[in-house]
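Report on the structure given below.
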Amino acid sequence: MKREQNEKVRWKSENLSTKRRMKKKRYEVYVDDNFHFMDETERYKLGEFETCDEATAACKKIVDEFLETGYKKGMSFKELYEGYVGFGEDPFIVSGDKACFFSAWGYAKKRSAELCGEG
C-alpha cells in the first residue's frame with residue numbers, strides 16, 4: 001500500500017514538473033521564406049521563448065536585419081517593402097496564448113516607412 005502511494009506521489013510530481021516545463025517555454029518562433037511562399041519545407045524553427053515579448057523581439061530582429069541590410073539611401077518605401085515581401089524571412093509565433101500575435105508583414109510595412117522617412 002505504501003509503495004502504491006509513493007508511486008502516485010512520484011507520478012504526480014513528475015506530471016507537474018512536465019506541465020511546468022511545457023508552460024515555461026510556450027512561445028515557439030518559426031520562420032518561413034517569402035521567396036518560397038507557402039512551401040513548408042523551407043520553414044525552420046528559430047527557438048522557444050518563455051514570454052511573448054521575447055518571442056516578438058526575436059521576430060522583429062529577423063525583419064529588422066533584412067530591412068536594414070536591404071535599405072539604400074534614397075530608396076522608396078515601396079521598393080524596400082516589396083523587397084521584403086518577395087525575398088525576406090517571415091517569422092511567426094506559435095503559442096496557446098491567443099493574445100500573443102506577430103505579423104511580420106505588418107511590422108515590415110511599419111519599419112520600411114520609418115527607414116525610408118515616410119512614416
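None of the figures in this text is laboratory data; all of them are computed from the coordinates on show. Keep in mind it's a predicted model, so treat the numbers as computed, not measured. Cβ coordinates were reconstructed from backbone atoms using ideal geometry, including for glycine residues, and neighbour counts include every protein chain displayed.
Add +1 for every Lys or Arg and -1 for every Asp or Glu among the other residues with Cβ under 15 Å from the Cβ of Tyr81, and state the total.
On the way: positive: Lys72, Lys78, Lys109, Lys110, Arg111; negative: Asp64, Glu68, Glu79, Glu82, Glu89, Asp90, Glu114, Glu118.
Neighbour charge sum, excluding Tyr81 itself: -3.
Which of Lys45/Lys72; Lys73/Lys98; Lys72/Lys110; Lys72/Lys98 have a Cα-Cα distance over 28 Å?
Lys45/Lys72; Lys73/Lys98; Lys72/Lys98
So for segment 25-115, what percent of the C-alpha to C-alpha distances run longer than 22 Å? Mind dumping the intermediate values first?
Details: 1122 of 4095 pairs.
I get 27 percent for the Cα pairs in segment 25-115 exceeding 22 Å.
Using a cut-off of 14 Å between alpha-carbon atoms, which aspartates and glutamates can reach Lys78, once sequence neighbours fewer than 8 places away in the same chain are excluded?
Glu114, Glu118
Using the per-residue mean of other Cβ atoms lying within 10 Å as a proxy for protection, in what order, highest first, do the peptides 60-69, 95-104, 35-44 fall? Before the final figure, lay out each step's value.
Details: 60-69: 15.7, 95-104: 13.3, 35-44: 10.2.
Descending mean neighbour count gives 60-69, 95-104, 35-44.
Which one, Val63, Phe87, Gly106, projects farthest toward the positive side of the charge dipole computed for segment 62-119 from Cβ point charges (K/R +1, D/E -1)?
The residue sitting most towards the positive pole is Gly106.
Spin-label point model (7 Å from Cα, Cβ direction): what's the His36 to Glu114 distance in nm?
Going by the 7 Å Cα→Cβ label model, 3.0 nm.
Please get the size of the charge dipole for segment 47-113, origin at its Cα centre, with Cβ charges of +1 on Lys and Arg and -1 on Asp and Glu, quoted in debye to the nearest 20. Provide the component values of the computation, followed by the final result.
Details: 9 positive and 12 negative charges, 96 e Å.
About 460 debye.
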